[in-house]
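Beneath this line is the structure, given in structure tokens, with notes to follow.
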Amino acid sequence: MKQDQLLAKKILQIEAQAIKELISRLDSNFEKALDLMQNCSGRVVVTGMGKPGFIGRKISATMSSTGTPSLFLHPAEAIHGDLGMVTKKDIVLAISNSGETEEITRLLSTIKKIGAKLISMTGNKKSTLAVHSDVVLDVGLKKEACPWNLAPTASTTAALAMGDALAICLAKRKNFHEAAFAFLHPGGSLGRKLLKVKDLMRRGKSNPVVSGKTTVQKVLLQITSARAGSCSIVDRNGKLEGIFTDGDLRRHLEEYGIAILKEPVEKFSTRRPMAIIEDKLAAEALQILRDKRIDELPVVDKYGKAVGLLDVQDLLNAGFV
């Protein structure tokens, strides 16, 4: 068992060193590659055969999820017709440690005829792939983590790390932000964590808002029409002053009876209610609803104006509960 641990440590050291060596090799070619991808009006088409192909799929997926449209093209399928996916507007990112992978080199002539720019990620700067590339990213290394120096191990780790560097630098250049990430991950837990209150809140007719002088009867009609459980009370400038809920109605109904319908709603509303700013994370709103044991939360902008309503059902539908 101790020998296994020693070997595992050695493998990890080799792979870590492979990534460290990339740092000193970063040069103007990295900037050129970023320039091409940033100005690309099409997609970044990533291709690679075998193990580099698996790495390519991950790089393509990372780019797509961080604001750079991308797809993976299997080189063997490409030479049998799928190369038709590539257009003049696209950038092709080809991954091959040797730079002589047959399935990759057979694509070069057609890629040139299409007019797409070619960026290569290779360990051999004198290879066929490198020679025919517009930009070459050097991911070469001294040895694989494999004891026989055969299985792609450290080389694929280095390619993956370089792909991550490209994807994240592109995202920064494009001013990609949390809200955009959440938009591209609507069904995932990562996206839900980044959703803001304004992404889920009810607006317009679904957000009943009245002045304090409005009668309870009219307020109830608005609440019913909006299919909500409460109504926000605002001043003449639209700033939140209070909230009237079906709970408030029940508490005062016994005392006033049907006469309550003719009374101004401000008489029965909760003043200075708990509210949340629209730019806050939806997860924060959920915590407030849980802590206060309430079902609805008025939403305000940075000036305190009532701009929405968040119901626990909205969070439930978004997968928070």
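Please treat every number below as a calculation from the coordinates, not as lab data. Values in this document were obtained by computation on a predicted structure and should not be read as measured data. Because the Cβ atoms are built from the backbone with ideal geometry, glycine has one as well, and the counts that use them run over all protein chains shown.
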Modelled label-to-label distance, residue 54 and residue 303, 7 Å Cα→beta-carbon offset: nm? 5.6 nm
Please identify, among 26, 240, 221, the residue showing maximal mean-square fluctuation in a Gaussian network model of the chain using a 10 angstrom Cα cutoff. 221
Rounded to the nearest Å, what's the spacing between the alpha carbon centres of the stretch 1-65 and the stretch 121-147? Just the number, please. 12 Å
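Report, in deg cm²/dmol and to the nearest 500, the calculated mean residue ellipticity at 222 nm for the chain, where each DSSP H run with n ≥ 4 adds -39500 (n - 2.57) and the sum is divided by the residue count.
-13000 deg cm²/dmol
Shape verdict for the stretch 72-151, please, from the Cα gyration tensor: rounded (a/c under 1.5), prolate (a/b greater than b/c) or oblate.
Numbers: a/c = 2.55, a/b = 1.74, b/c = 1.47.
Prolate, because a/c is 1.5 or more and a/b exceeds b/c.
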Over the chain, relative contact order from alpha-carbon pairs under 8 Å, at least 6 apart, %: 14 percent
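For the chain, which DSSP H helices look membrane-span-like by this rule: Cα extent along the axis of 27 Å or more and mean Kyte-Doolittle of at least 0.5? Mind dumping the intermediate values first?
Details: long enough: 2-25 (35 Å, -0.28); 154-173 (28 Å, 0.92).
Flagged H segments are 154-173.
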Restricting to Cα pairs under 8 Å and 6 or more apart, the percent relative contact order of the stretch 194-317 works out to 33 percent
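For the stretch 210-313, what is the convex hull (Cα atoms) projected area averaged across all directions, in square nanometres?
On the way: hull surface 25.6 nm².
Quarter of the Cα hull surface area: 6.4 nm².
Calculated FRET efficiency, residue 172 and residue 28, Cβ-Cβ r, R0 30 Å, to nearest 0.05? Walk me through the numbers before you get to the answer.
Values: r = 18 Å, r/R0 = 0.61.
That pair, residue 172 with residue 28, gives E of 0.95.
Classify the stretch 258-321: rounded, prolate or oblate, from the alpha-carbon gyration tensor (a ≥ b ≥ c, eigenvalue square roots; a/c under 1.5 rounded; otherwise prolate if a/b is larger than b/c)?
prolate
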Yeah, the chain with a ≥ b ≥ c from its alpha-carbon gyration tensor (a/c under 1.5 is rounded, else prolate when a/b outruns b/c, oblate otherwise) is prolate
Most packed first (mean Cβ within 10 Å per residue), the peptides 42-55, 125-138, 3-16 order as 42-55, 125-138, 3-16
Calculate, in nm to one decimal, what residue 203 and residue 149 gain on full extension: separation in residues at 0.36 nm each, minus their alpha carbon distance. 13.3 nm
Just want to confirm a number: the relative contact order over the stretch 2-176, from Cα pairs under 8 angstrom separated by 6+ residues, in percent. 26 percent
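At R0 = 22 Å, how high is the FRET efficiency between residue 87 and residue 184 if r is their beta carbon distance? Nearest 0.05 is fine. Intermediate results must be reported in sequence, preceding the final value.
On the way: r = 22 Å, r/R0 = 1.02.
For R0 = 22 Å, the calculated efficiency reads 0.45.
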Identify which of 262, 193, 239 has the largest mean-square fluctuation in a Gaussian network model of the chain, with springs joining Cα atoms closer than 10 Å. 262
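So in the chain, what percent of DSSP beta bridges are antiparallel if you round to the nearest 5?
Numbers: 16 of 38 bridges.
Approximately 40 percent, going by the DSSP bridge assignments.
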